[in-house]
Amino acid sequence: MSQGKEKKHIRAAATVLSCALLVLSGILIPGCTDKGGPGKNEPILSGAPAPNTDDAREAVNFHHNLDGYVPKRDHYNFYFTYKTVHSWWDAVALGMEDAQRQFLEKGVVVTYEYMAPLQASAADQKERLLAAQKEDYDVIGVDVADEDVISPLLDEMIASGRKVMTFSSSDAADDCKRIAYVGNTHNYEDGAELTEALCKKLDYKGKVAILVGSVGAPCHEDRANGAKDVIAKYKDMTIVATEYDMDSVDLAYDLTKTILMNNPDLDGIICCNMSNPVGAARAITEAKSDAVIVGMDHDKEALRYLADGVIYCLGVQDCYSIGFDTLQVAVKIADGNLPGELFPEKTVEITTIIYQEDAAFIFELLYGDIG
Amino acid sequence: MKKIRITNKTFVLTAAIGTFIIMLTVVILTVVSSRRTIRATEDAVYSVSSFYLDAMADRRAKTIMNLIKNNFELLEKSLGFYEDEEIKDQDELRHTIGKIKSLMSLSRYALVDEDNLVYTQYTTYTGGTRHEFLSADVLKDKVISTVYLYGSSKQLCLAIPTENLKIMGKRFKAVFVQIDIKDIVDLLAFDDQGRTSFAIYSKNGENLSGTELGPVVSTHNILDTVKKYISGEEWDKFHDGFMKEVQGSLSFTADGAGETLCFVPIEGTGWEMVVLIRESVIQDRILGISQRNLSSSRAQIIYILAAMLIFAGILLLEIRIIAKKRIEAEQENTNAFKSMANTDALTGIRNKHAYADTEAGLDRMIKDGELAELAVLVCDINGLKYVNDNFGHAAGDKLIKDASALICEVFKHGSVFRIGGDEFAVLLQGRGYETREETIAEFNRRVEENLTKNEVVVSLGYSLLGEKDTRVHDAFERADQMMYVRKQELKSMGAKTRE
């Protein structure tokens, strides 16, 4: 059996086992908020592998069908808010719209708002949530901008009888009482896996920098933590800088330029969000540096840099499935269901590490041939 | 100059070669004519197909332009609904949007407020990064843009600015529709029995419609694909045509098949409508027609060939029959003349000319050693002059006839010739030769008997061909001498003589 297939089977077994445990916990302890699975700060180095796939062809699934659940009502109204206006969440939106269309075909009208600020801001998100809880939404979904700020608010909303879920890239704090999470459950592992690829490429020695997204954004912080833990394993590897671009490509570019100026012998950059690798690649190309870039997500420009060999690898998340599953779970939550048989407390979505040879295929898959 | 002898064989050969040359000429002319027709047809097909494709591309481009125009008109009209409705909240706005969509059969129809919030029938979302036209702070004019959705589907976005539109106390900056290109493709599809294919391309050659442009270009980037099959100069021209949004055509050969495509810009969209026809489709049809014509020509040639062969055969046969008849008639005439030349008119037996021919033939045989037995008899009528002088020529002629009759009666197995006025020669061969002694004796007996009855008396001398004889005349002379001896003998017995 190939290593890839073996890895997939182990992942599948782990997923089934974790689902079974969730179902059991859901039955035994209704309303249980134990998120199960690997704790987000637990390193995967010695634990279960991340539920990722090595096959670029399975990176994104655009073909979904609603499960057999029969909604109790014929109309639902949701409110979703996410970190910032960004094409990554536009991709999530398309998955949600697919689910919405399929519900409509079954005679169930789902309306929702899908809102974000122009700049990621926990304060802005808090305001939005406070405003939303005054409205009559069946479910409020949040992509947590900062777990320390948002998690308590979510607990308050739950306590006041609101149905709240988290989705897409960032979950709330471990002890948060939100009902369920649909999205990337393995940000830490993604960061670690990208960093492992970088270390191997650098033969486990050299100076690296870490670019992170928004301060406090759980997904970005978790990836950075995964990266740091991997680097710490190798005595000949050093982290020379850790910077936050606040989800801005321009800032990522400026930060990389500064890092390169201070460390002309930089060997690699670990990018933890979608804007990081684009800015880093621009700066690296401009400075004609040999630094190896590993990063996240499916930005068009990043994919071009991957195809050109400027970026070594990218972790592509299945945004479409995240969106589709989010809406489906939201309907179940709106009907009063809790994690268990109908849906897990954490719906696991995959991340695929893609390399130069996969770039053209992923580009075609996600964007078509836009040249 | 050497004379050419024309024989039957020459005639038949000439006829056969002539027929073959004519048929060959007909076949060659037919083949050359067919090929010329095919070439001329191909040229015509190219011209016609380019024209045909051009018209088809233009027709489809116009369909899209009409669609765009109609949708812009619908967008304008839709604004009137908001003036008539008093929309208090988002639910009412969604309801109105749904009503407009339904009434106007619009696909994805939405409003955008000044904060770039997009309002559709079912959702409200922040659309800054999702809709390219929203990147402009102020929308001044109509916008046509292509939306590349995550998942590689493409849509045509048509937006118009909405001046002074206020709903729920908010100012709205635009209203737009997004039409899935697949729906546009459905509009453009019409049944031409798969003869042509079409696709919509962006300026950089990307296939937007997802339709296959023939088996070679398929759904690939058209600029990249055709580059392999045309010269750099042709490609530059084609590329420029795309970039500058001008109309044009291109022909290339891929995998042994000719392809012709026409491209027409779709105004305002940055798209190119491309229609392609595989020349093989036309060529196959033309080839089919040509093959049928060629088969028909072949059948005609074979029919003509067969007909000509039969006709020539019949002609030759008739000529042969006619010739044969003529030859036979000629032979008959010749024989008649020959018979007349060799026959003695008075007695009906062969004359001196015939004797000379026979004597010449026998002389050749003697020379060749082929003649072993021959007896030459010379007969002469006694007293013919006396009868002529005393009783007239009629009595003389009767005497000659009587003499001839006697000679012929006795020497019935010999050849009898009248070689002079009263002189006869008899040649004996075969049975006549074998019975010569008896017949000569019989003849002399009959003559002597006639002498007593005053009837015709004929003196006879004879001689056999001797070994030393080189010609018949040698024996003739001996026989002639013997005849004179006999004449004297008969005179003594009372027969009349010239003396």
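The values are calculated or read from the model by the stated rules, or taken from the named source; none is laboratory data. All of these numbers come straight from a predicted model, not from anything done at the bench. Because the Cβ atoms are built from the backbone with ideal geometry, glycine has one as well, and the counts that use them run over all protein chains shown.
Structure summary
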{"quantity": "Filter result (under 25 Å from B:ASN293 (Cβ atoms) and modelled with pLDDT of 80 or more) within the stretch B:23-64", "calculated": "B:LEU24, B:THR25, B:ILE28, B:LEU29, B:VAL32"}
{"quantity": "Residue count for the stretch B:109-137, restricted to those that are surrounded by fewer than 18 Cβ atoms within 10 Å (Cβ to Cβ), away from chain A (no Cβ under 11 Å) and farther than 26 Å from B:ILE64 by Cα", "calculated": "2"}
{"quantity": "Near pairs, Cβ below 7 angstrom, 6+ apart or cross-chain, from the stretch B:138-162 (more than 11 Å from chain A (Cβ to nearest Cβ) and more than 27 Å from A:TRP88 (Cβ to Cβ)) to any residue that is part of a loop (DSSP other than H, G, I, E, B) and among the basic types (Lys, Arg)", "calculated": "B:ILE160/B:LYS142; B:PRO161/B:LYS140"}
{"quantity": "Verdict on A:LEU338 being touching a residue at least 40 places away in the same chain (Cβ under 8 Å), under 30 Å from A:LYS257 (Cβ atoms) and of a type outside the set (Val, Ile, Thr)", "calculated": "no"}
{"quantity": "Condition check for B:GLN178: outside any helix (DSSP H, G or I), within 24 Å of A:TYR367 (Cβ to Cβ), out of contact with any helix residue (DSSP H, G or I) (no Cβ under 8 Å at 6 or more places or on another chain) and within 14 Å of chain A (Cβ to nearest Cβ)", "calculated": "yes"}
{"quantity": "Residue match in the stretch A:356-363 (condition: surrounded by fewer than 24 Cβ atoms within 10 Å (Cβ to Cβ), of a type in the set (D, E, K, R) and more than 18 Å from A:HIS64 (Cβ to Cβ))", "calculated": "yes"}
{"quantity": "Test result for B:ARG94, within 11 Å of another protein chain (Cβ to nearest Cβ), within 26 Å of A:VAL109 (Cβ to Cβ) and in contact (Cβ under 8 Å) with a residue 60 or more places away in the chain", "calculated": "no"}
{"quantity": "Residues of the stretch A:278-301 that turn out to be under 18 Å from A:SER248 (Cβ atoms), away from chain B (no Cβ under 14 Å) and not β-branched (Val, Ile, Thr), as a count", "calculated": "8"}
{"quantity": "Filter result for the condition that a residue is part of a strand (DSSP E or B) and surrounded by 14 or more Cβ atoms within 10 Å (Cβ to Cβ), over B:SER404, B:SER415", "calculated": "B:SER415"}
{"quantity": "A:VAL110 vs. criteria within 14 Å of chain B (Cβ to nearest Cβ), buried (at least 24 other Cβ atoms within 10 Å of the Cβ), hydrophobic (A, V, I, L, M, F, W, C) and in contact with a helix residue (DSSP H, G or I) (Cβ under 6 Å, 6 or more places away or on another chain)", "calculated": "yes"}
{"quantity": "Single match in B:SER197, B:SER249, B:SER209 (criterion: within 12 Å of another protein chain (Cβ to nearest Cβ) and either more than 24 Å from B:PHE51 (Cβ to Cβ) or not in a helix (DSSP H, G or I) (or both))", "calculated": "B:SER209"}
{"quantity": "Enumeration of residues in the stretch B:319-371 that are small (Gly, Ala, Ser) and more than 60 Å from the chain's Cα centre (by Cα)", "calculated": "B:ALA345, B:GLY348, B:ALA354, B:ALA356, B:ALA360, B:GLY369"}
{"quantity": "Out of B:SER218, B:SER202, sole residue that is within 14 Å of chain A (Cβ to nearest Cβ), out of contact with any strand residue (DSSP E or B) (no Cβ under 6 Å at 6 or more places or on another chain) and closer than 28 Å to B:THR120 by Cα", "calculated": "B:SER202"}
{"quantity": "Scan of the stretch A:113-124 for residues that are within 13 Å of chain B (Cβ to nearest Cβ) and either in contact (Cβ under 8 Å) with a residue 24 or more places away in the chain or small (Gly, Ala, Ser) (or both), ordered by number", "calculated": "A:GLU113, A:TYR114, A:MET115, A:ALA116, A:PRO117, A:LEU118, A:GLN119, A:ALA120"}
{"quantity": "Sole residue being of a type in the set (D, E, K, R) and part of a helix (DSSP H, G or I), chosen from B:LYS101, B:LYS88", "calculated": "B:LYS101"}
{"quantity": "Every pair of residues 6+ apart whose Cβ atoms lie under 7 Å, when the first sits in the stretch A:215-243 and is closer than 13 Å to A:SER169 by Cα while the second is among the basic types (Lys, Arg)", "calculated": "A:ALA217/A:LYS83; A:ASP222/A:LYS40"}
{"quantity": "Helices (runs of 4 or more DSSP H) contained in the stretch A:191-305 and holding at least 3 residues within 26 Å of A:CYS176 (Cβ to Cβ)", "calculated": "A:218-233"}
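Listed here are the residues, each with its yes/no results for (1) within 16 Å of A:TRP89 (Cα to Cα); (2) under 18 Å from the mean Cα position of the chain (by Cα); (3) assigned by TED's automatic domain parsing to the domain that holds A:ALA122.
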{"site": "A:ALA159", "(1), (2), (3)": "no, no, yes"}
{"site": "A:VAL164", "(1), (2), (3)": "no, no, yes"}
{"site": "A:SER168", "(1), (2), (3)": "yes, yes, yes"}
{"site": "A:ASP171", "(1), (2), (3)": "yes, yes, yes"}
{"site": "A:ASP174", "(1), (2), (3)": "no, yes, yes"}
{"site": "A:ALA180", "(1), (2), (3)": "no, yes, yes"}
{"site": "A:ASP203", "(1), (2), (3)": "no, no, no"}
